[in-house]
Amino acid sequence: MIINEFISILVEILIYFLVSLFCLFIGRKVLDWITPYDLNYQTGEVDNTAVGLTQAGFYLAIGIIVHASVSSEVNYELFTFIDPENPSRLSILGAELITTGIYVFLGLVCLSYGRRALDWLTPFHLNKEIEVDRNNAVGLLEGGFYVAMAVIIHGIIG
């Protein structure tokens with residue numbers, strides 16, 4: 001009995017780990033989409049530290065958002081597939097994963113629009129400063145902005 005429960009917990013941990021990796025992958029694709037320059041080329045070929053700082057901030061932001069999503073409370077009454085009298089662990093896990101997906105999606109949308117707002121609010125052009133001028137200060141500014149947005153999103157979700 002104890003071994004079955006232990007295995008069940010391990011499977012749940014593995015599922016959340018895989019979902020988190022998937023969220024990081026999706027986040028990377030979103031970052032590719034919202035930046036006009038080639039991230040792989042800029043970090044791998046050109047060794048552009050400013051791009052690396054931006055990416056690091058974005059990954060940290062995704063981690064913060066995933067943490068908020070996974071650790072937030074779920075209103076199970078919203079999910080009709082959960083039997084209120086006898087909820088199965090699988091149906092509860094499904095509701096938690098759906099909620100996590102929704103929160104991560106909304107967080108990525110906020111980060112995307114946040115980048116546009118930052119570009120609009122700064123007196124310089126983010127893309128030029130990061131890609132062409134390799135301005136580490138601007139890369140750090142953008143990365144820090146992502147982290148700040150994620151902390152705010154964490155507070156809202158969590």
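Observations, loosely collected:
- Reciprocal mean inverse distance between Cα atoms of the chain - Kirkwood radius, Å: 17.2
- Viscosity 0.890 mPa s, temperature 25 °C, Stokes-Einstein D of the range 1-88 from Kirkwood C-alpha radius, µm²/s: 152
- Each of the peptides 20-33, 93-106 was scored by the mean count of other Cβ atoms within 10 Å over its residues; in descending order, highest first, they stand as 93-106, 20-33.
- Rounded to 10°, Cα long-axis angle of helix 49-71 versus longest principal axis of the chain: 20
- Where a label projected 7 Å from the Cα of residue 106 along Cα→Cβ would reach, residues of the range 68-94 with amide N under 18 Å: 68-80
- A protection proxy built from the mean count of other Cβ atoms within 10 Å ranks the segments 47-56, 120-129, 67-76, most packed first, as 47-56, 67-76, 120-129.
- Coordinate range of the alpha-carbon atoms in the range 107-154 per principal axis, descending: 32, 17, 15 Å.
- Convex hull volume of the range 66-129 per residue (C-alpha atoms, cubic angstrom): 99
- Once both labels are positioned 7 Å from their Cα atoms along Cα-to-Cβ, the gap between residue 12 and residue 40 label points is 3.8 nm.
- Cα centroid separation - the range 10-62 against the range 117-156, whole Å: 15
- Cα lying deepest toward the dipole's positive end in the chain, options 71, 146, 50, charges on Cβ: 50
Every number in this text was worked out from the coordinates using simple rules, so none of it is lab data. These figures come from a predicted structure and were not determined experimentally. Note that each Cβ is placed from the backbone with ideal geometry, even for glycine, and that neighbours are counted across all protein chains shown.
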